[in-house]
1. Go from 0 up to the bin containing the longest alpha carbon distance in the stretch 24-119, width 10 Å each, and give me the % of pairs per bin.
2. Under 11 Å from a label point 7 Å along Cα→Cβ of residue 33: give me every residue in the stretch 61-101 with its amide N that close.
3. Using R₀ = 25 Å, calculate the FRET efficiency as 1/(1 + (r/R₀)^6) where r is the Cβ-Cβ separation of residue 76 and residue 98; round to 0.05.
4. Considering Cα pairs under 8 angstrom that are at least six residues apart, work out the relative contact order of the stretch 24-119 and quote it in whole percent.
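Here, each number is a calculation from the coordinates, and none is a lab measurement. Worth saying up front: this structure is predicted, and the values here are computed from it rather than measured. Quick reminder, even Gly has a Cβ in these numbers, built from the backbone with ideal geometry, and neighbours come from all protein chains shown.
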């Protein structure tokens, strides 16, 4: 009986750990697509995450190939989808761009990452 309790406790801990791991907000997909080459510069960057986000603690940053920051504006969550973070970007020239994101899910876990896209002339 004691062995059975130990096994059940271990299983419950594993299940709880798996559930908590799935609660983090990871990048699901983005527009522009990760690693894509575009014929025209995007007006917005949209990133869909695997969990709902807390807007004040979530951000998307953009930089050019030299690492120079490019100002974004109008950061917001899609009103019908709190897993979709959107920022507006200024007119972009041809070149490679790096997107850095750092978000906080409603469970307060913070995740971050980067990806690139290229605007072709």
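1. Whole-percent P(r) values from 0 Å outward: 17, 52, 27, 4.
2. Within reach of a label on residue 33: no residues.
3. That gives a FRET efficiency of 0.70.
4. It comes to 36 percent, rounded to a whole number.
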